[in-house]
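Q: What follows is a structure written as structure tokens; I'll ask about it next.
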Amino acid sequence: MSEPARTVEAQPVDVRVGSTANALQAISAAERSLGAGPVQWLALVVVGCAAIIADQLTKQVVGRTLAVGESVELAGPFRIHHVENSGIAFGLFASRTTIVIGVTAVAVALMLWYFARSGKRHPALPVGLGLVLGGSIANLVDRVRLGRVTDFLDLDAWPAFNLADTFIVVGVAVLFGTLVLADRSDRMHGSRDGDASLQRR
């Protein structure tokens, strides 16, 4: 008499992407959320607001101190030179204000969407993205309100720029560095988890 066929229950697949602080208990992909939490959002807002305030204050000081086209020599090739433009960073795409406003608004929305999904990926991510957002919004406010931005930091071999432009460049550099480090960390965690799994077998 033949035995009845046994039903083999499918075992849930445990995708492991990391471990707890004691390195003994694995953390599944479902438990490890990279989305921004309250701490990350607060850091982003603080850095972004600080960048906006610093940029707007310096523009106000330059606008009240120097007439458009007037400059003050400081050191070597560096000087304060009051100029105005309707382009993006470093005067690019001047006379395309409407397009620049639209592109900037879309970029800001995409950055916020990315941060909402990946804000915990690296501790420095709120700082880098906060600088980029702060600089972008600061210049966007000027374009919407005045149709132009004030530039005043001038080097002989480079178009005039402002603090917002500087924040954007520094923020992009920080973002690039944090993403590279985050990818390297993810690969290291994946390699360690794979080795631990082989050892358990």
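The values are calculated or read from the model by the stated rules, or taken from the named source; none is laboratory data. Note that the coordinates shown come from a computational prediction; the quantities given were computed from them, not determined experimentally. Every residue, glycine as well, gets a Cβ built from its backbone with ideal geometry; the counts of neighbours run over all protein chains shown.
Q: Can you name the condition, by its number, that PHE115 falls short on among (1) modelled with pLDDT of 90 or more; (2) over 22 Å from the mean Cα position of the chain (by Cα); (3) not polar (S, T, N, Q)?
A: Checking PHE115 against (1) modelled with pLDDT of 90 or more; (2) over 22 Å from the mean Cα position of the chain (by Cα); (3) not polar (S, T, N, Q), the one that fails is (2).
Q: Do you know which of the residues in the range 121-139 that are surrounded by fewer than 24 Cβ atoms within 10 Å (Cβ to Cβ) and touching a Ser or Thr at 6+ places or on another chain (Cβ under 7 Å) is modelled with the highest pLDDT?
A: The extreme case among them is GLY128.
Results for (1) more than 30 Å from SER118 (Cβ to Cβ); (2) surrounded by 12 or more Cβ atoms within 10 Å (Cβ to Cβ); (3) modelled with pLDDT of 95 or more, shown as yes or no for each residue.
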{"residue": "GLN56", "(1), (2), (3)": "no, yes, yes"}
{"residue": "GLY76", "(1), (2), (3)": "yes, no, no"}
{"residue": "ALA89", "(1), (2), (3)": "no, yes, no"}
{"residue": "ALA94", "(1), (2), (3)": "yes, yes, no"}
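Q: Do you know which of the residues in the range 156-197 that are among the hydroxyl-bearing types (Ser, Thr, Tyr) and surrounded by fewer than 17 Cβ atoms within 10 Å (Cβ to Cβ) is modelled with the highest pLDDT?
A: So, considering only residues that are among the hydroxyl-bearing types (Ser, Thr, Tyr) and surrounded by fewer than 17 Cβ atoms within 10 Å (Cβ to Cβ), the one modelled with the highest pLDDT is SER185.
Q: Which of the residues spanning the range 42-73 are acidic (Asp, Glu) and assigned to a helix (DSSP H, G or I)?
A: The one that is acidic (Asp, Glu) and assigned to a helix (DSSP H, G or I): ASP55.
Q: Take GLN40 and decide whether it is surrounded by 15 or more Cβ atoms within 10 Å (Cβ to Cβ), polar (S, T, N, Q), at pLDDT 60 or above and out of contact with any strand residue (DSSP E or B) (no Cβ under 8 Å at 6 or more places or on another chain).
A: yes
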